[in-house]
Amino acid sequence: MSSHIQTLWQRFSSSCLEVMDFQQRVWIVSIGEGLSCDTFVVDEDSFTEPLQWMKRKHYTTTMLVQVSNMKRSQAKVFNLEGIPHRLIRVR
């Protein structure tokens, strides 16, 4: 394979792996506290871009980076407009 074709193949493969990785991630997200708490299962299988749900909820760039870097079984809490968002990455 020529160097140019090999480089293109590596870029293509890398892009495919990134898409597959983000479409396999799942979080349990609880928003609020006590009786006014809402809980969601956020599954990226139906997303058209990584972290689409979090972007629609207006997570900051810093929050998005932290969510993207979460490992399985890891939990994080973010305060968004004074409301706690508890995330657990389950897959």
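Between Asp43 and Ser2, the modelled label-to-label distance comes to 4.4 nm, taking each label 7 Å out from Cα in the direction of the beta carbon. Amide H to amide H, with H built 1.01 Å from N, Gln74 comes under 5 Å of Arg89, counting only residues 5 or more places away or on other chains. Solvent exposure of Leu51, expressed as accessible area, is near 10 Å², computed with a probe of 1.4 Å over the protein chains only. Near Leu80, the amide H atoms lying under 5 Å from its own belong to His85; only residues 5 or more places off or on other chains count, and H is placed 1.01 Å from N. The Rg/Rh ratio for the chain is 1.12, where Rg is the radius of gyration of the alpha carbons and Rh is the Kirkwood radius.
Give me the 1.4 Å probe accessible area per residue for the range 3-89, excluding ligands and nucleic acids, in Å². Please list the in-between numbers first.
Working: 5910 Å² over 87 residues.
About 68 Å² of surface per residue is accessible.
The values are calculated or read from the model by the stated rules, or taken from the named source; none is laboratory data. Everything quoted here is computed from the prediction, not taken from an experiment. Neighbour counts are summed over all protein chains in view; Cβ atoms, including those assigned to glycine, are modelled from backbone coordinates with ideal geometry. Just so you know, the surface numbers come from the protein's heavy atoms only, side chains and all, with ligands and any DNA or RNA stripped out. Shrake-Rupley method; radii C 1.70, N 1.55, O 1.52, S 1.80 Å.
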